[in-house]
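The values are calculated or read from the model by the stated rules, or taken from the named source; none is laboratory data. Computed from a prediction, not measured in an experiment: that's the story for all the values here. Heads up, the Cβs are rebuilt from the backbone with ideal geometry, glycines too, and the neighbour counts pull from every protein chain shown. The accessibility values were calculated without ligands, DNA or RNA, using every heavy atom of the protein model including side chains. Shrake-Rupley method; radii C 1.70, N 1.55, O 1.52, S 1.80 Å.
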Number of protein chains: 2
Amino acid sequence: MPFDPATLKYDAAGLVPCVAQDAVSGEVLMVAWMNAAAVARTLETGRVTYWSRSRAAFWVKGETSGHHQRLVELRVDCDRDCLLALVEQEGPACHTNRRSCFYTAVRAGEEVILSEPMA
Amino acid sequence: MPFDPATLKYDAAGLVPCVAQDAVSGEVLMVAWMNAAAVARTLETGRVTYWSRSRAAFWVKGETSGHHQRLVELRVDCDRDCLLALVEQEGPACHTNRRSCFYTAVRAGEEVILSEPMA
């Protein structure tokens, strides 16, 4: 069946969350949002393209930072309201310069920082 | 620093998305939603507890299906508006009886089913 971005179930703002996962290591790097046009652009260009809610604009990951995110494979969940992007990530995915945005763990009720910014 | 679920940034409905990842294999299993009370219950009980938007009720994963999801570690992202739960998943995480909800890939513009329901 041909994939049509219009068949996804978007929220009231026209967005679905997308989980970016390192295609090789399996590390979950970040979660951001896409609208139908961002999904289409991601598939067309192979460069993962989100919709920035704060800037209300397309956000081609790495366009300003140089930390490009190349699409390896896009997956859709059973409810069609969430995406998983397997990616090749250049350098850090996080704006704090860490590889992953999920660098804070909760251990025994305390927040523990798991990684430092990349050099 | 002690972790306080009230410090997360919830959406207008009081929810944050939570990615459940197999703590051993790294497979992304599902994405669902938590409110502050669900986050607290997950940490207190070690059983991953979501907020069901359709039922407007707590959803202790596996309570009805028997496919329990035990929390190994909870992580918070840089913006504090998304969670990653590393879990031990018994059997399928997906309501279709598949291990993961992300069983549909987009390849060359076509939807491809990657896995079948578990026996």
| Taking the stated definitions as given, is B:A12 open to solvent by less than 10 Å² (accessible area, probe 1.4 Å) and within 12 Å of chain A (Cβ to nearest Cβ)? | no
| request: For the stretch B:74-88, enumerate the residues that are open to solvent by 20 Å² or more (accessible area, probe 1.4 Å) and either at the interface with chain A (Cβ under 7 Å from one of its Cβ atoms) or acidic (D, E) (or both). | output: B:R75, B:C78, B:D79, B:D81, B:E88
| said: Of the residues B:T49, B:T42, only one is hydroxyl-bearing (S, T, Y) and within 14 Å of chain A (Cβ to nearest Cβ); which? | reply: B:T42
| message | Looking only at residues that are touching a residue at least 40 places away in the same chain (Cβ under 8 Å) and open to solvent by less than 30 Å² (accessible area, probe 1.4 Å) in the stretch B:32-60, which one is farthest from A:M30 (Cα to Cα)? | response | B:T42
| task | Just need a number here: residues in the stretch B:89-113 that are open to solvent by less than 60 Å² (accessible area, probe 1.4 Å), farther than 19 Å from A:C82 by Cβ and within 14 Å of chain A (Cβ to nearest Cβ). | result | 1
